[in-house]
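Worksheet for the structure shown next.
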């Protein structure tokens, strides 16, 4: 107990406050944005696994559970995004502050990218088991197998945060401006930057996500990534890697246009309250 107390004293009060704010804001942003984009996420998954069109996948989901069918399994990812997004934003914010407090030869883009990668690595603590449970529910398989099978590429989180920063600058925005102090045009640009950042990230990550989704279904649970790639190429060709891509990019745009705005707004409000 004494050792823990001494270690905690090395963390400045302001840093502790920032971490708490990032954790709480990431929680709100992740839960709300995930719920908003879940129907599109479910459609994307059905396309990847069953190789069907958006319309056919949507019809199947509607026939199985009407409107509520589009939210089948949503509780798992929504609750799962509480630790995932809180860890992502807290780790990213912490790493950014460490870079800013120290003199390095890294430029701004490199700092943001590496902070995002660090956040991605930290988030895997909560991400992998939650994602596997979600896929099991969506695919209607109930067997419990290896939770830590197939890990998402950490560099995609670097793309996520760095592209958001780039898009904001492209729109002539100051990334540090407060949302509550700006007009509607600023808010729209902020949402557009977040949406494009999400879509850009998923554009590069999508082929790996296809392999991951197939790998976590019952039929391929014990297959290596290379074996799955060979099977997919033999059965479907290269087209399998962009099957459902548009619905994925649309979902990513919707989710992340809300995610960053909710996160930043919550940060601003909590800074005043705490």
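The values are calculated or read from the model by the stated rules, or taken from the named source; none is laboratory data. Worth saying up front: this structure is predicted, and the values here are computed from it rather than measured. Cβ: placed from backbone, ideal geometry, glycine included. Neighbour counts: every protein chain shown.
Summary of computed values
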quantity: Lone unmet requirement of (1) at pLDDT below 80; (2) surrounded by 12 or more Cβ atoms within 10 Å (Cβ to Cβ) for residue 12; calculated: (2)
quantity: Number of the condition not met by residue 173 [criteria: (1) at pLDDT 80 or above; (2) in a helix (DSSP H, G or I)]; calculated: (2)
quantity: Whichever residue in the stretch 44-66 is free of Cβ contacts under 8 Å to residues at least 60 places away in the same chain and not in a helix (DSSP H, G or I) and, among such residues, is farthest from residue 249 (Cα to Cα); calculated: 52
quantity: Of all residues in the stretch 99-112 being more than 19 Å from residue 155 (Cβ to Cβ) and assigned to a helix (DSSP H, G or I), the one that is nearest to the chain's Cα centre (by Cα); calculated: 100
